[in-house]
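Working notes, beginning with the structure itself.
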Amino acid sequence: MDVFNAKKLIRSKSGLRIVATNEEFTSPFVVQEPIWVPDKEITHCTHCMVRFGFTTRKHHCRRCGKIFCSCCCETKMELQRMCFIDPVRVCLKCEPQTRAENLFFDKHLKLLLNGAVFKYESKIGASNYQLLHCKLSQDHRYLLFDGVKIAPVDINQIVSIVVKKDELNGGVKSLVMDYLVGDEKKSLKLDIACGAQVEKAGINWLTAIEEAFRLIDRSGKQEKSDD
């Protein structure tokens, strides 16, 4: 079994999850389960403020860990960012965010794993280019390149990603990425390759990588706000 992709089944109070056997190889798109707010600390629904009692039960949102009444936390959804096998209870506030995250896993992540062909300049601004195939590794932790000698890029070491648009038609044109290798900062530019199918695949891939880093950025901001 590939140690990088090895998985295990665990049970939490929220349900069954399939997670990486070694946490070191956890996907950067996965987040940990929240710590549940203790029942004894809450007397009213966090959203509508109805008072809990014999007929109004408490329910924990699996996305945020806060406590709600059944009306404000009745939807059960896939929670792919936390690797749950079955749909789990999500509150009204977390529903839109969870739907957006599920769209990423169902659509954009698959595009990233399949990869796309781009034009590559060994030096930004050079007139000659090569074709390469860029894709996300199966454990989601690296960008891999075929066709040219470029070392895999660690997703967690990417400093910035800028998708540039064509000034004439507004379409996606290229990607410029800055990343770290040790203490050294490097840049990589990928241009959309010619050909209808290749061009479409490249545009979709660049859109997907943008969504990936929006997802990671939102997670970082959420962690800071929780602190």
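When every alpha-carbon pair in the stretch 143-188 is counted, what percent end up more than 17 Å apart?
43 percent
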Over 27 Å between Cα atoms, which of Lys107/Lys164; Lys13/Lys40; Lys165/Lys186; Lys7/Lys93; Lys135/Lys200; Lys110/Lys149 qualify? Lys7/Lys93
Which aspartates and glutamates, on any chain, are close to Lys8 with Cα under 17 Å apart, when same-chain ones fewer than 8 places away are left out? Glu23, Glu24, Glu33, Asp86, Asp139
Given the chain, what whole percent of its Cα pairs are spread farther than 33 Å? 31 percent
Considering every Cα-Cα pair within the stretch 46-94, what fraction, in whole percent, is farther apart than 16 Å? 35 percent
Computed [θ] at 222 nm, helices only, for the chain once each DSSP H run of length n ≥ 4 contributes -39500 (n - 2.57): -6500 deg cm²/dmol
So, how do all the Cα-to-Cα distances of the stretch 125-210 break down into 5 Å bins, in percent, from 0 on up? 3, 12, 23, 27, 21, 10, 3, 1
Surface accessible to a 1.4 Å probe, per residue, for the residues of the stretch 1-160, Å²: 59 Å²
Angle between the Cα long axis of helix 196-226 and the longest principal axis of the chain, 0 to 90 degrees, nearest 10? 40 degrees
What is the percent carbon and sulfur in the accessible area of the chain, measuring with a 1.4 Å probe over the protein chains and ignoring ligands? 51 percent
Over the stretch 1-118, equivalent-ellipsoid semi-axes from the Cα gyration tensor in Å: 32, 17, 10
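The values are calculated or read from the model by the stated rules, or taken from the named source; none is laboratory data. Nothing here was measured: the structure is a model prediction, and the numbers come from that model. With ligands, DNA and RNA removed, areas are computed over all heavy atoms of the protein, side chains included. Shrake-Rupley method; radii C 1.70, N 1.55, O 1.52, S 1.80 Å.
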